[in-house]
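J.: What follows is a structure written as structure tokens; I'll ask about it next.
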Amino acid sequence: MSEEKNLNKILWQDFKALSLTEKGSYFQGSPAHTLIAQQFSREQLEELCALATKIRRIAKRREGGNFLRTLLSDKRAMLYFAQPSSRTYLSHNAACQILGLVTLDVRDSKTSSEVKGETPEDTIRTFSSYVDMIIMRHPVGGFCERVAWMLSNTNRPIPVLNAGSGADQHPTQALLDIYTLARSFEDLGGIDGKSVAFVGDLLRGRTVRSLAWLLSLYTDVKVYFVAPKQLQIGEDVLELLDAVGMDYEATQDFTSVMPKADALYMTRIQDEWDADGESATIDTAAFSINKEHLDILKETAVIMHPLPRRKEISTDIDNDSRAMYWRQMRNGMWARAALILTTFGRQDEVNEYYADNKPEA
Ligand code: ASP
């Protein structure tokens, strides 16, 4: 197979043509890039969640924190964020710090030689000379895959971690969402058999697109896509879910879904992708939650949001025990630390430390 064809194979728009086996196996190579949700198996997710918990518990004590900081103290990472970000940037940065990995950053491509006419690929190849990993957010969907492919074909391949690409994928957010769901349902039989309602702008919400796929790896999960019809989930995602026989329903009726959901995954309107302010004409009032709705939710339900929020979650429910969005953010730091450590293949050092020291829960 020619290199050009292979490159095309890993672009999202061509990705759906691949069989699931090809999707799962493509990224198992070295270096271990993290590009799209479809690359994860359930087993890998479970290992990452277990590792995140061990890191979280070890980090509670000073000697544990000191141990964790030795794990990647010989590595450096570049945080290349060519799109606005505060949480995802800080969360990856904090995850790197927990593991002792030094970070460098570029947060505005206008400050790089791209303004002198350099191609983005050359710019990133230059950055890659100084570091051992690139954590990247980019407005162009498929760009991370392009960079990963380019770096894999150099004599110094380093892993690329997608921290949000265009309106298509956000695999590390989906990973932390799985970690949050797994923790929330720990005493309720785990994620299997649960109902998850995605609410809001599902068409352009990259976190939803990535998480919907990861949920298909669990048994008997039912998904509700609740959105105004103009912002309903993309056909490409539904085709993937159909291919694995996932049970889902697309609806505009949020009130009827509320009492059935074990998890509500709220999202904001992604109007940065509007061509001409068209989202402003859509009535989204019915796709929000406030104190009045709390009585009809299950007592064990969790309310999640990738944040930032606008009006879709009223602040008057922030202190309800089911509001999970703040804890979800903190979970992101542990889940990303687990992913970064695994990318460098050093997870067994944590497993051994944990077995020897048995930190408290
Ligand atoms: N922070 C998430 C993202 O980067 C969600 C959002 O921006 O609405 O996609």
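The values are calculated or read from the model by the stated rules, or taken from the named source; none is laboratory data. All of these numbers come straight from a predicted model, not from anything done at the bench. Neighbour counts are summed over all protein chains in view; Cβ atoms, including those assigned to glycine, are modelled from backbone coordinates with ideal geometry.
J.: Which count do you get for residues in the range 125-158 that are hydroxyl-bearing (Ser, Thr, Tyr), closer than 24 Å to Leu339 by Cβ and modelled with pLDDT of 85 or more?
T.: 3
J.: Please enumerate the residues belonging to the range 252-275 that are farther than 19 Å from Gly193 by Cβ, among the β-branched types (Val, Ile, Thr) and surrounded by 14 or more Cβ atoms within 10 Å (Cβ to Cβ).
T.: Thr267, Ile269
J.: In the set Thr103, Thr70, which member is assigned to a loop (DSSP other than H, G, I, E, B), closer than 27 Å to Ala52 by Cβ and free of Cβ contacts under 8 Å to residues at least 40 places away in the same chain?
T.: Thr70
J.: Could you check how many residues of the range 82-103 are of a type outside the set (Gly, Ala, Ser), within 15 Å of the ligand (Cβ to nearest atom) and touching a Lys or Arg at 6+ places or on another chain (Cβ under 7 Å)?
T.: 3
J.: On to the next question. Would you check if Asp122 is among the acidic types (Asp, Glu), modelled with pLDDT of 95 or more and more than 23 Å from Ala167 (Cα to Cα)?
T.: So Asp122 fails the test.
J.: Further, regarding this structure: Can you pull out every residue in the range 142-175 that is out of contact with any Gly (no Cβ under 7 Å at 6 or more places or on another chain), among the aliphatic types (A, V, I, L, M) and within 16 Å of the ligand (Cβ to nearest atom)?
T.: Correct list: Leu161, Ala163, Ala174, Leu175.
J.: Report those helices (runs of 4 or more DSSP H) wholly inside the range 197-309 carrying at least 2 residues which are within 16 Å of the ligand (Cβ to nearest atom).
T.: 206-215
J.: Restricted to the range 310-330, and to residues that are acidic (Asp, Glu) and in a loop (DSSP other than H, G, I, E, B), which residue is farthest from His92 (Cα to Cα)?
T.: Here the residue is Asp320.
J.: A further question follows. Which numbered condition trips up Ile178, out of (1) assigned by TED's automatic domain parsing to the domain that holds Ile55; (2) within 16 Å of the ligand (Cβ to nearest atom); (3) crowded, with 19+ Cβ neighbours inside 10 Å?
T.: Single failed check for Ile178: (1).
J.: Could I ask something else about it? Of Gln44, Gln83, which residue is in a helix (DSSP H, G or I), within 23 Å of the chain's Cα centre (by Cα) and not acidic (Asp, Glu)?
T.: Residue meeting the stated conditions: Gln44.
J.: To continue, here is another question. Which members of the range 138-194 meet the condition of being within 16 Å of Thr123 (Cα to Cα) and not in a loop (DSSP other than H, G, I, E, B)?
T.: Scanning the range 138-194 gives His138, Phe143, Cys144, Glu145, Arg146, Val147, Ala148, Trp149, Met150, Leu151, Ser152, Val160.
J.: Right, another one. Tally time: how many residues in the range 280-327 are over 24 Å from Leu188 (Cβ atoms), β-branched (Val, Ile, Thr) and touching a residue at least 12 places away in the same chain (Cβ under 8 Å)?
T.: Residues meeting the conditions: 2.
J.: In the range 247-265, what residues are in contact with a Phe, Trp or Tyr (Cβ under 9 Å, 6 or more places away or on another chain) and without any contact (Cβ under 8 Å) to a residue 40 or more places away in the chain?
T.: Of everything in the range 247-265, those that are in contact with a Phe, Trp or Tyr (Cβ under 9 Å, 6 or more places away or on another chain) and without any contact (Cβ under 8 Å) to a residue 40 or more places away in the chain turn out to be Tyr248, Glu249, Ala250, Thr251, Gln252.
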